[in-house]
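What follows is a short report on a single structure.
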Amino acid sequence: MGRKGERGHLKRKPAPKMWPIHRKEAVWTVMPKPGPHSLSRSLPLVLIVRDMLKFAKTSKEAKKIISQEKITVNGKVRRDERFLVGLMDVISILDAKKSYRVLPSGKGLFLHPIDSSEAAFKLCRIEDKTVVKAGNVHLDLHDGSSSLIKVSNPQNPEEDIYHTLDVLKLSVPDRELLGHTKLTVGVPAIVIGGKNIGKYGKVITIEKKPSKKRRDLLVTIKDINGDQFQTILDFVFILGDTEPSISLPEAD
């Protein structure tokens, strides 16, 4: 008879490389619950409290802190230590009055300190788009959520302005639409996958090749030092129209 229910354990060795854990320190690590982000681009809340913020030495201590309802993710209190936190999520520590945004780096995901004004919103990339009943546009976002945009005519180019890989600026926790940025040449962007993960700069060129899938097109990005590098469109997360709408770590 086959196994029923979710798997209750996870070994450290096959755990995602983005997790900040020692692979040979112990055999087991926490098994996260299915959540808004994919396992490969997120980490459980208990690891953030214990290994990244250093608020606890053990998982038991971290679990107790989380259960006290003093930590919010995107403006909502999270009590489950196995809840998955991922790219661009905003984590706030209520007692310490500190907030962080989850960003990519060459070593994986890390917490970038932000102020209270920046903690009031997050960026979400459009992964898919569907026209639904009454002509409204349904957008699937990178964090597992969705947004319904009401338009009178989705076939009208002036109204149908949302496309895959564009980015929405949403308030938290209300998720009100604050802005929309199109993926085009000249916009600032950060790389969220591949060997250049964590690097950021401005999009210089986007390959035009109808025979290729759009997500596989090559993109050239120039960083603040003037150096150029390439990645594929699927690994590009745009950050604003002309300047990043979020703060970023200082370049090495």
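Looking at (1) touching a Ser or Thr at 6+ places or on another chain (Cβ under 9 Å); (2) open to solvent by less than 60 Å² (accessible area, probe 1.4 Å); (3) modelled with pLDDT of 90 or more; (4) under 25 Å from ASN196 (Cα atoms), which one does LEU103 not meet, given that it meets all the others? LEU103 satisfies every listed condition except (1).
For the stretch 225-247, filtered to residues that are of a type in the set (Asp, Glu), assigned to a loop (DSSP other than H, G, I, E, B) and within 20 Å of the chain's Cα centre (by Cα), the residue that is farthest from THR205 (Cα to Cα) is GLU243.
With respect to the stated conditions, SER116 fails to be farther than 22 Å from LYS199 by Cβ and open to solvent by less than 30 Å² (accessible area, probe 1.4 Å).
Look at (1) surrounded by 18 or more Cβ atoms within 10 Å (Cβ to Cβ); (2) in contact with a strand residue (DSSP E or B) (Cβ under 9 Å, 6 or more places away or on another chain) and you find that GLU69 fails only one, number (1). For the stretch 23-38, filtering for residues that are open to solvent by 70 Å² or more (accessible area, probe 1.4 Å) and outside any strand (DSSP E or B) leaves 6.
For (1) loosely packed, with under 15 Cβ neighbours inside 10 Å; (2) basic (Lys, Arg); (3) modelled with pLDDT of 90 or more, each residue gets a yes or a no:
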residue	(1), (2), (3)
ILE149	no, no, no
PRO154	no, no, no
PRO157	yes, no, no
LEU165	no, no, yes
LYS169	no, yes, yes
GLU176	yes, no, yes
VAL191	no, no, yes
ASN196	no, no, yes
SER211	yes, no, no
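The values are calculated or read from the model by the stated rules, or taken from the named source; none is laboratory data. A quick note: this is a predicted structure, and the numbers were derived from the prediction, not measured. Cβ sites come from the backbone with ideal geometry, for glycine too, and all protein chains shown count toward neighbours. Side chains are part of the model used for accessible areas, which takes the heavy atoms of the whole protein and leaves out ligands, DNA and RNA. Shrake-Rupley method; radii C 1.70, N 1.55, O 1.52, S 1.80 Å.
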